[in-house]
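All of the numbers you see were taken from the coordinates with simple rules; none came from a lab. Treat the numbers as computed from the prediction; the structure is a model and nothing was measured. Backbone-built Cβ (ideal geometry, glycine too); neighbour counts: all protein chains shown.
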């Protein structure tokens, strides 16, 4: 946040998934630093409650990131009222156990992909051209270490996060030379309502506020890709190197997120 364009004024940040968990923690982190925020989430009442606890005056947008038109409207309103954002954070995400063999789980697959992948595209789409024209700004996508390898019962979530990582890389290359940075964040386990239902060990788990602080540091440094915490970065690298036969044997009976029918 040391960009020359931001000197002498409050940073402007547009953030999705801001009503709870990591999104609310990121909102607290940036609001404490004097940022002006555009906060978007599906749960309007919870979103307004978060905004009410923050220092400063911020804008809230009750919407579903799967709705491209709603996000375009919110982006237009934010830019008209506040100005071009310095940072856009596509954080909204959902997670649910899902099995391909279960017909009832097919809508879950669709919902997870629509939110975690297409929701990220919808979040960035209204801002790409204005930021590129201005030659500045950061587009930040919150992926996950779950996108590194597929885990049993997590096909929807792992696939959506793997796709998000690949999408962000494509976008980064597309925008090379424009002055717009694309940052891929791949957090490990974070203590949020999303992980509260997990009944298996979650190594190196961070509080939402601790994770927000570390992820914000990666954003401020303009990292193209960052895994938080660093211990999970080591695990992620090790998982990439495991031969399929060994990986399959080790993870065939790994803990699974409970299934949730939509």
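A few comments on the model shown:
- The order of the peptides 166-175, 132-141 by mean Cβ neighbours within 10 Å, most packed first, is 132-141, 166-175.
- Counting neighbouring Cβ atoms within 10 Å and putting the fewest first, the residues 237, 161 line up as 237, 161.
- DSSP bridge pairs, region 4-251: antiparallel proportion in percent, nearest 5: 0
- Normalised by 2.2 N^0.38 Å, with N the number of residues, the alpha-carbon radius of gyration of region 81-217 equals 1.12.
- With a Förster radius of 22 Å applied to the C-beta separation of residue 224 and residue 174, the computed FRET efficiency comes to 0.95.
- Helix axis angle, 21-32 relative to the chain longest principal axis, alpha carbon, degrees: 30
- Computed packing ranks the peptides 43-51, 147-155 as 147-155, 43-51, most packed first, by mean other Cβ atoms within 10 Å.
- Here the chain is treated as an ellipsoid with the same Cα gyration tensor; its semi-axes, largest first and in whole Å, are 30, 20, 18.
- Between helix 230-241 and the chain: long-axis angle, C-alpha atoms, 0 to 90°, nearest 10: 50
- Label sites at residue 45 and residue 125, each approximated as a point 7 angstrom past Cα along Cα to Cβ, lie 3.1 nm apart.
- For region 112-159 versus region 49-85, the spacing of their alpha-carbon centroids is 18 Å.
- Put simply, when 97-104, 183-190 are sorted by average Cβ atoms within 10 angstrom per residue, most first, you get 183-190, 97-104.
- Residue 204-residue 104 FRET efficiency (beta carbon distance; Förster radius 41 Å; 0.05 resolution): 0.80
- Structural descriptor for the chain: relative contact order 19 percent, calculated from alpha carbon pairs under 8 angstrom and at least 6 residues apart.
- Stretchable slack from residue 149 to residue 241, in nm (0.36 nm times residue separation minus alpha-carbon distance): 32.1 nm
- Counting other Cβ atoms within 10 Å as a rough exposure proxy, the listed residues 61, 30 run 61, 30 from fewest neighbours to most.
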